[in-house]
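Notes follow once the structure below has been shown.
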Amino acid sequence: MADLLEEDLGTWRRTHYSVDINPTLNESEIIIMGWVSSIRDHGNIKFLTINDRFGHIQIALKKKDCSKAVLEKTEQIREHTSIAIKGKVKSEIKAPNGAEILPVEIKILSLARKASPFLIQSKKSVGIDTRLDLRALDLRRPFLQSLFNIRNTIMDSCREFLRKDGFMEVNTPKIIATATEGGAALFPIFYYEREAFLAQSPQLYKEQLTMAFENVFEIGPIFRAEPSRTNRHLSEATSIDVEKAFADYNDVMNLLERMLSYVVGKIQENNKPHLEYLNITLPDVALPFRRYRYSELIEMLQNAVANECESFDLMYKSLEVSSGSTRVSRKEELVERMKKQGLNIGAFDYHLKVFDYGVPPHAGFGVGMERLIMSLCGVENIRDVVLYPRDIDRLSP
């Protein structure tokens, strides 16, 4: 048999996704598209499993009923080949959703020319670095498909909650002239003929924006040049940052609790199959969350009393998921604190001069998206919840 060529879509377009296939479509002619996740040959009948973004479809090739052209094409198909299939729906109680596809015509859109170096269907696989080297292939695994569908729900529901609560979404610069939070954990870059840095946080900008818009939020990347080789640190992460005017840390703690309660409810509503596949029971998010003062925690650990302060951390098990505080809204106090931290006051002139024009009292918090997903889904390595992670050792793909 001569090698078969890959084909173009031509006039073919998908009519149904896997989630649409059910016995009510019995005898209907449809077109489905996806990639081959498994092949099972039982002699007189061959089964292909085709995956798309919503799930999988069973294709039944009965050798006595299929055309020679269809059978020849299936001979060169291996797992991960992208294909389009035109065929009829047939009720079959043993198939996913109670129906399978009997193919009439097949188009091979993109052949897989190598075998995968790791199993796709397994929840556990080879070492993460091997998988990350072929991340797009790795992301076909149902385990990761479930995680990133949950991640998508988290992002959507955070936006939905905050907008309903009167917050405006903003986008702040990621190339900055000086450190946002101080310290040495900065990535320097060349910006034309001068030095600049990748932003550690949108902190200063979102504080300034409370002057104009009062309540703002941003979901975007942050960069930390921390040379840490742990399962919970990234050099590029996603942060959910919120800032609220005419408020203090108690107000934004309440806001954070309500937001996370809303998010968990949306995951339970929208991601039931993914939760079942991952065998996840989401945490109880009854309001209000249990709160401890720093002095209580220190007393419990060291039997000592610490100062009170207007800041907070949200912990889940061993992970810090969020931190926030009442911000300093008076210029003199802010300058004094910066001096105590040894910061170059002149470098922050662009920020400090704003405080001459009535910055309102404000408070805010930031939530680490990846750490939130790790906490909710019980994931051990933070790199598994990032599409293309960046850390001290990895800059590609």
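The values are calculated or read from the model by the stated rules, or taken from the named source; none is laboratory data. Since this is a predicted model, take the numbers as computed values, not measurements. Because the Cβ atoms are built from the backbone with ideal geometry, glycine has one as well, and the counts that use them run over all protein chains shown. All accessible areas refer to the heavy atoms of the entire protein, side chains included, with ligands and DNA or RNA removed. Shrake-Rupley method; radii C 1.70, N 1.55, O 1.52, S 1.80 Å.
Any idea what the relative contact order of segment 276-397 is, in percent, if you count C-alpha pairs under 8 Å spaced at least 6 apart?
Relative contact order comes out at 22 percent.
Over all alpha-carbon pairs of segment 231-316, lay out the pair-distance distribution in 5 Å bins, whole %, shortest bin first. With 5 Å bins starting at 0, P(r) equals 3, 10, 15, 16, 18, 19, 11, 6, 3, 0. In a simple Cβ point-charge model (Lys, Arg +1; Asp, Glu -1; nothing else charged), segment 187-330 has a dipole of about 240 debye relative to its Cα centre. Between residue 28 and 89, the built amide H atoms are under 5 Å apart, and every one of these is 5 or more places off in sequence or on another chain. Dipole size of the chain about its Cα centre, with +1 on Lys/Arg Cβ and -1 on Asp/Glu Cβ: approximately 1300 debye, rounded to the nearest 20.
Shape verdict for segment 28-133, please, from the Cα gyration tensor: rounded (a/c under 1.5), prolate (a/b greater than b/c) or oblate.
prolate
The relative contact order of segment 1-157, computed from alpha carbon pairs under 8 Å that lie at least 6 residues apart in sequence, is 22 percent. Over segment 131-288, the pair-distance histogram of Cα-Cα distances with 10 Å bins from zero comes to 9, 28, 34, 24, 5, 0 percent, rounded to whole numbers.
For segment 90-173, the per residue solvent-accessible surface stands at 51 Å², with DNA, RNA and ligands left out and a 1.4 Å probe. Ordered from highest to lowest accessible area with the whole protein assembly present and a 1.4 Å probe, 253, 211 read as 211, 253. Cross-link pairs exceeding 29 Å in C-alpha to C-alpha distance, out of 64/94; 46/272; 94/123; 46/124; 174/340, comprise 46/272. Ordering 235, 188, 222 by the projection of their Cα atoms onto the charge dipole of segment 101-255, which places +1 on the Cβ of Lys and Arg and -1 on the Cβ of Asp and Glu, puts 235 at the extreme positive end.
What ratio of Cα Rg to 2.2 N^0.38 Å holds for segment 18-61? List each step's numbers first, then the result.
On the way: Rg = 11.1 Å, N = 44, 2.2 N^0.38 = 9.3 Å.
My calculation over the Cα atoms of segment 18-61 gives 1.20.
Shown are 233, 56, whose ranking by accessible area with a 1.4 Å probe and every protein chain present, most to least, is 56, 233.
What is the calculated FRET efficiency for residue 395 to residue 281, with r their C-beta to C-beta distance and R₀ = 51 Å, to the nearest 0.05?
Efficiency at R0 = 51 Å is approximately 0.90.
For residue 164, a cut-off of 21 angstrom between C-alpha atoms picks up these lysines, skipping any fewer than 8 places away in its own chain: 206, 244, 266. Each Lys and Arg adds +1 at its Cβ and each Asp and Glu adds -1 at its Cβ; summed about the Cα centre, segment 1-156 shows a dipole of about 360 debye.
How high is the FRET efficiency between residue 69 and residue 115 when r is their beta carbon distance and R₀ equals 25 Å, given to the nearest 0.05? Calculated value: 0.45. An oblate overall shape is assigned to segment 1-42, the ratio a/c of its alpha-carbon gyration tensor axes (a ≥ b ≥ c) being 1.5 or greater and a/b not exceeding b/c.
Classify the chain: rounded, prolate or oblate, from the alpha-carbon gyration tensor (a ≥ b ≥ c, eigenvalue square roots; a/c under 1.5 rounded; otherwise prolate if a/b is larger than b/c)?
Values: a/c = 2.61, a/b = 2.21, b/c = 1.18.
Prolate, because a/c is 1.5 or more and a/b exceeds b/c.
Ignoring aspartates and glutamates fewer than eight residues from residue 63 along the same chain, the ones with Cα atoms less than 17 angstrom from its Cα are 41, 72, 75, 100, 105. In whole angstrom, segment 68-216 maps to an equivalent ellipsoid with semi-axes of 48, 24, 15, each derived as √(5λ) from the alpha carbon gyration tensor and ordered largest first. With contacts taken as Cα pairs under 8 Å and at least 6 residues apart, the chain reaches a relative contact order of 13 percent.
Over the Cα atoms of segment 81-156, each weighted equally, I'd like the Debye log10 I(q)/I(0) at q = 0.13, 0.14, 0.21 Å⁻¹, rounded to two decimals. Results for segment 81-156 at q = 0.13, 0.14, 0.21 Å⁻¹ read -0.64, -0.73, -1.04. Across all directions, the shadow cast by the convex hull of segment 281-397 built on its C-alpha atoms averages 11.8 square nanometres.
Taking the C-alpha atoms only, the angle from helix 249-270 to the longest principal axis of the chain is near 10 degrees. Calculated [222 nm] ellipticity per residue, helices only, for the chain: -8500 deg cm²/dmol; basis is -39500 (n - 2.57) per DSSP H run with n ≥ 4, divided by all residues, nearest 500. When nucleic acids and ligands are ignored and a 1.4 Å probe is applied, residue 332 ends up with an accessible area of around 140 Å². Counted residue by residue at 0.36 nm each, then reduced by the alpha carbon distance between them, the extension gain from residue 136 to residue 330 reaches 65.0 nm. Please go through segment 221-262 and write out the chymotrypsin sites (Phe, Trp or Tyr not before Pro) that DSSP classes as loop and that have at most 16 other C-beta atoms within 10 Å. Those satisfying the criteria are 246.
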